[in-house]
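Presented below is the structure to which this report refers.
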Amino acid sequence: METYPLPKFHFLVEWGGSKYGFSEVTGLDFQVEPIEFRHGNSREFHKIKMPGMQKYSNLTLKRGTFADNFDFYNWVNTVSMTKVERRDLTISLLNEEGNPLMSWKIKNAFPIKWQPSDMKSDGNEVAIETLEIAHEGMTVAGK
């Protein structure tokens, strides 16, 4: 049994054979929407609830901006009406040696928003670009 909880600062995002380093990944969650129902001759004056459809949040990925790296912009430009290049992603939480301890596998992801860094003349920060991704499912796996 592990003595300490896992730190969240050592992680990796992979898709299509490429590995990317990010400063932040958010949106790894899902919920089950409840269905409320009451039949007409029920003696109870309330609805019953049962599990319904699963709903996944969009993922938000943030990373430093690099000169001559337009991967996110190019992926967003594949969107054309109902056609888009979908990708499966794997987000892995890593141990000290860089091996995955936990992985989130994201199915049929596609970009819905790309935002380059804001500019600030008196700032002293790294330029960060943001990519928001919609997807159709997520599974979690251990080692």
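The values are calculated or read from the model by the stated rules, or taken from the named source; none is laboratory data. Since we're looking at a predicted model, the values are computed, not measured. All Cβ positions, even for glycine, are placed from backbone atoms using ideal geometry, and neighbour counts span all protein chains on display.
For the reader, a short list of remarks on this structure follows.
- Of the residues P34, P5, the single one that is of a type outside the set (V, I, T) and closer than 29 Å to K143 by Cβ is P5.
- Filter result for L61 (assigned to a loop (DSSP other than H, G, I, E, B), under 21 Å from the mean Cα position of the chain (by Cα) and under 17 Å from K107 (Cα atoms)): no
- Residue check for V32: part of a strand (DSSP E or B) and over 22 Å from P116 (Cβ atoms): yes
- Checking E96 against (1) under 17 Å from Y20 (Cα atoms); (2) surrounded by fewer than 16 Cβ atoms within 10 Å (Cβ to Cβ), the condition it does not meet: (1)
- Unique residue being outside any strand (DSSP E or B) and at positive phi when the list is G40, G98: G98
- Residues of the stretch 64-95 that turn out to be of a type outside the set (G, A, S) and more than 21 Å from V140 (Cβ to Cβ), as a count: 19
- Candidates F45, F72 - the one that is without any contact (Cβ under 8 Å) to a residue 24 or more places away in the chain and not in a strand (DSSP E or B): F45
- In the stretch 1-36, residue modelled with the lowest pLDDT [restricted to those that are within 23 Å of N108 (Cβ to Cβ) and of a type in the set (F, W, Y)]: Y20
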